[in-house]
Structures are given as C-alpha cells and as structure tokens.
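Below: the structure, in structure tokens.
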Amino acid sequence: MGRVIAINDPVLLEHIMKTNFENYEKGDIQNSNMSQVLGNGIFDSDGDLWRMHRKTASHVFSTKIYRSLIDGPFIEHTLHLCSILERVADSGKAVDLQALFLRLTLDAFAKLSFDLNIDSLSNEGKDPFGTAFDFAVGATDERFFNPLWKFTERLTGQARKMRNAVKVIDSYAYAAIRQRRQETEEEAQARQARTGREDLLDLFIKWRDDDGRALTDVELRDVFINFVIAGRDTTAQALSWMYYEVMKNPAVEQNIWREVDRLGDQPNYEMVTKDMRYSSAVFHEGLRLYPPVPVNLKTAVADDVLPNGIIVKAGERILFSTYAIGRNKNVWGPQAREFLPERWFDENAKAKESQFKFSSFNAGPRICLGQTFATLEALTIIKLVSSKFQFKLVPGQKAPSPAPSLTLPMENPLMVYVIRRK
Ligand code: HEM
C-alpha cells in the first residue's frame, strides 16, 4: 500500500471533494474490502456506476415525498417507539437508547424504501437483521487495518461468521425483491396510491441502461444494503450521541422542551422545517462532534498538487477525518470541543456556510443524498420523544466511546432511565 496523506483542513477537503473531484475516487481498496457486504452499490462505486446510482436514487428525494414521509412512516414508527418508552418509564427499568433508535430507523427506512416490514421494534429481544448487519459492518471496517485480512479471517473463523451474517442480510433483501417482482400491475398501483409515492425499489426496478438492460436481483440487493447503512445507522447514531450530550447539558434540554412544548402535538413538514430551529441546531451540533461517517478515504487517479503545495502521486490515498475537522480549533474556534448548539445561530461564525467545514454530510458532488431526509426524520423524532419524555443516564456506566465500524456506533449500550414529562 502506497503513501496515505491525512488532511483535516477544509481548504484541502474542498480541493479533493469538489475542485478536482474527478481525480479522487473511492478506488480499488474500498471495493475489495467492502464488496462482500456492500456489493457494487453507491458507497463503493465510481464513474458511470456511481452516476447511475446517484441519478436513479435522487428522484426519491423531493419535498412532496418528504411531506408524505413525515405524515406517514416517520410519525407512525416514532409513536411505536413512544409506546415502548411509556412501558419502560412505568417499569422504572433502564433501557439501551441506542438500540431503540437503531430499531426505529431500520423499521422506518425498510418500510419506506422497500415496503418491507422488518418490525424490529416489536421484536424487543431479538433483532436478527440488526445483529448480522452490525457484525458485517464492523468486520468490514477491521479489514482497512489488516492488509492480510483475506488470510487471517480464514484462520480466526471470521470468514465463516461473515458469510453467515451476509446470508442473513441477503435473505431480507431478496425477500423484498422477490415480493416486488411478483406484484401485479394493479397491486403496484394500489401500493403506490396507499403510500403516495414510488419507493426506491420501484425506481431501481424501472431503471434501464442505454441498451435497455434492467438491474439484476444481485444489483438490487446491493442498492438495498447500501441504503440501509445510509438510512439506519447514521441517523440512529446521530440521535444517540445527541441525546447523550443533551442529558449532560440540562440548559440545552430545557431549551428543547421550551421549543417543542409550544408547538402543536402532531409534527408536519412546516413545523419541522420552520419552527424547530433550536432542535435543528442541537442535531447539527451533535453531528459536528460525532459525525456518523467519521473518516473517509479517496485514491488519486493522476498526479496532483494540493493547495498547500503537497504533491500527490497517482495511486496515493487521501484520508480525511470529519471527526478531526469537527474538533479542530483552527476551524471551529477555541471552544471546538464543547457542545454549544448556540454556535449555529452565530451569524458571524457562519457555521453552516461551508460543507467543507461542516462535512458530516460529506461535500461536493457526492454530498449525502439523504441530508434533508435525515434531518426531517430526526426532528420528527425529537419533537415527539422530547415532548413526552426525559432521559437520564444510568449512573456508573462508562462514558460512551466509538466502536470499530465504518460508521460511529457507541461501543457499549447507552443505558438510560425514561421519565414521563406528560
Ligand atoms: C445523520 C444522518 C446521515 C449522515 C451524517 C450522513 C452522512 C453521509 C456521508 C458522510 C456520506 C458520504 C459517504 C462516503 O462517500 O463514503 C453520505 C453519503 C450518502 N448518504 Fe448519507 N448520511 C445520513 C443519512 C442518510 C440517509 C437517511 C440517507 C438515505 C435516505 C442517506 C443517503 C446517502 C447516500 C445515497 C449517499 C451516497 C452519496 C454518493 O456517494 O453520491 N444518508 N452520507
């Protein structure tokens, strides 16, 4: 493996992610480490394949669809979570908040993107999909630190565990695809009339290349897995880290309550886009300090010179850490490591101005397609959950730390007591 150049400067990031975008690819290493789980999906593809994924999926993200998501699955699944929180509150027992958020975002995302009822929130004990998925994503991340993984995984038994985990994940993906392929025209119309939209699977099944070729089941499976990692893990982790900080900062908690308590009971598109500015700042502040995609790697296609004069040779890699940029005092000022939602209202600091400074949703042409989706979902959850409940950290547990993964899960459960506010 050649040189890896680590950067944590927004100016250099802009060069890599936008100005000279065509020169920096995901590259072979990502594909070879990640393809067992992610296949040839949007996350590890480049060039025309990436463009096809991006263009096809982008049709799913529109204001009309956001409205129908808030009125439908976002509220529906969050109310399901609230009914569980009520039971936990009445029992006086502690619960793992991160696990609940992961189940919520999985259920909501599987339903709205593939019309798949995973219903992991109802299944309080077991979560076969989530368990297999977390294992596979964690094991994939370990490969980046072990160039000999193809050899060692066989010796340690990890290769077998990985195959089993992928089998479980695939069984869900293929079940959704099979079910959709068997749908008649009338059934498809009835489903789309019920939900008010074409979902991701509809769009990718309809897709044809210039020669009229459609995607195979394996390619559709890759779409499914890539979007689950995007739609489930990131938002749930962002909410877990955010509520952890809220529990430690009572003044922030009070401000959220003040905001959500003066709004009507039922969230809607206008409410979450216009009337939840403080909660939105809290969510973004959490993302700044705990970006769910903490590091990223790009490979140079041709020789290049970075704006600071560093020479990059073809084949060398650039590693950028959104986590490090989010905590960099040169970028965010002397209080960079503190949780201060107010910074998002500071017009002088123009905190939101640059995607290269706040890169938690990535930047440039590959900026996260689900940024608005995730923010609207998180704000719907914050509105419904914080109106009704307060969380208190169970004393004595270790401060949460990130577990090895492609994303940023907490290593240990986030154990909280749930207290009814109303
Ligand atoms: C708080 C939640 C989220 C965060 C912080 C986040 C962050 C990111 C980041 C950093 C990337 C770049 C990853 C890479 O290139 O390796 C990305 C890409 C992407 N995200 Fe998100 N994401 C979030 C939620 C979502 C959701 C809910 C969806 C789907 C509904 C989504 C869809 C995507 C897609 C499709 C890409 C690939 C874009 C491309 O390569 O062109 N994300 N996201």
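The values are calculated or read from the model by the stated rules, or taken from the named source; none is laboratory data. Since this is a predicted model, take the numbers as computed values, not measurements. Neighbour counts are summed over all protein chains in view; Cβ atoms, including those assigned to glycine, are modelled from backbone coordinates with ideal geometry.
Between Glu245, Glu219, Glu198, the distinction of being outside any helix (DSSP H, G or I), within 16 Å of the ligand (Cβ to nearest atom) and touching a residue at least 60 places away in the same chain (Cβ under 8 Å) belongs to Glu198 only. Of all residues in segment 127-175, those satisfying the criterion of being more than 19 Å from the chain's Cα centre (by Cα), assigned to a loop (DSSP other than H, G, I, E, B) and at pLDDT below 85 are Phe144, Phe145, Asn146, Pro147.
Of all the numbered requirements in (1) within 12 Å of the ligand (Cβ to nearest atom); (2) in contact with a helix residue (DSSP H, G or I) (Cβ under 8 Å, 6 or more places away or on another chain); (3) not in a loop (DSSP other than H, G, I, E, B), Phe43 misses one, and that requirement is (3). Residue under question is Pro404, and the condition is that it be loosely packed, with under 15 Cβ neighbours inside 10 Å, part of a helix (DSSP H, G or I) and within 20 Å of the chain's Cα centre (by Cα); does it hold? Answer is no for this residue.
Scanning segment 66-86 turns up at least one residue that is over 20 Å from the mean Cα position of the chain (by Cα), farther than 17 Å from Phe373 by Cα and among the hydroxyl-bearing types (Ser, Thr, Tyr). Restricting attention to segment 288-320, and to residues there that are part of a loop (DSSP other than H, G, I, E, B) and without any contact (Cβ under 8 Å) to a residue 60 or more places away in the chain, which single residue is farthest from the chain's Cα centre (by Cα)? Ranking the qualifying residues of segment 288-320, first place goes to Gly309.
Looking only at residues in segment 396-408 that are closer than 16 Å to Glu245 by Cβ and in contact (Cβ under 8 Å) with a residue 24 or more places away in the chain, the one that is farthest from the ligand (Cβ to nearest atom) is Pro400. Checking every residue in segment 46-57 against the condition of being in a loop (DSSP other than H, G, I, E, B), in contact with a Lys or Arg (Cβ under 9 Å, 6 or more places away or on another chain) and within 12 Å of the ligand (Cβ to nearest atom) gives at least one match. Of the helices (runs of 4 or more DSSP H) lying entirely inside segment 321-395, the ones with 1 or more residues being exposed (fewer than 15 other Cβ atoms within 10 Å of the Cβ) and more than 11 Å from the ligand (Cβ to nearest atom) are found at 329-332. Scanning segment 280-318 for residues that are of a type in the set (Phe, Trp, Tyr) and near the ligand (Cβ under 9 Å from one of its atoms) turns up just one, Phe283. Contact map, segment 100-114: first residue over 18 Å from Tyr66 (Cβ atoms), second residue within 12 Å of the ligand (Cβ to nearest atom) and of a type outside the set (D, E, K, R), Cβ cut-off under 6 Å, separation 6 or more or different chains; pairs are Phe101/Ala236; Phe101/Leu239; Phe101/Ser240; Leu102/Ala236. Among residues of segment 39-56 that are closer than 21 Å to Met162 by Cα, none has a Cβ under 6 angstrom from a residue that is aliphatic (A, V, I, L, M) and near the ligand (Cβ under 9 Å from one of its atoms) at a sequence gap of 6+ or on a separate chain.
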